[in-house]
1. Please calculate how many Å² of accessible area region 29-76 carries per residue, with a 1.4 Å probe and no DNA, RNA or ligand atoms counted.
2. Counting other Cβ atoms within 10 Å, keep those with at most 14, restrict to DSSP loop, and tell me which trypsin sites (Lys or Arg not before Pro) in region 30-93 are left.
3. Determine the share of region 17-79's accessible area contributed by carbon and sulfur atoms, expressed in whole percent, with a 1.4 angstrom probe.
Amino acid sequence: MILFECLKKTQTKKARKEVKLVNKKKLESVMKLFDDTGQTLAEYLGIARPTFSNKLNETRGAEFTQGEIRMMKERYNLTAQDVDEIFFDPKVS
């Protein structure tokens, strides 16, 4: 029974580890091209700086909303391919 409980805990920990989709490096490079910081982009998006950080790092279950992605697409003149590479890249982990 103890072995079963240990296996169950290990599986739960693995299940909690989600695949990262945001390509943080690409987003940060685009931000730098436009002289943006986490603070300035957070203000533009209408969210708090810690919330932006959580979304960028995909921590605490935070994710960018469709509206926020659209706002960044417009702000940085991103193509559909850019958006896919930054926000929906399953190769990032």
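1. Numbers: 2920 Å² over 48 residues.
Ligands and nucleic acids excluded, the figure is 61 Å² per residue.
2. Those satisfying the criteria are Arg60, Lys91.
3. On region 17-79, the fraction of accessible area on carbon and sulfur atoms equals 51 percent.
The values are calculated or read from the model by the stated rules, or taken from the named source; none is laboratory data. It should be emphasised that the depicted structure is a prediction, and the values quoted were computed from it without experimental measurement. Note that each Cβ is placed from the backbone with ideal geometry, even for glycine, and that neighbours are counted across all protein chains shown. Heavy atoms of the whole protein, side chains included, go into the accessibility calculation; ligands, DNA and RNA do not. Shrake-Rupley method; radii C 1.70, N 1.55, O 1.52, S 1.80 Å.
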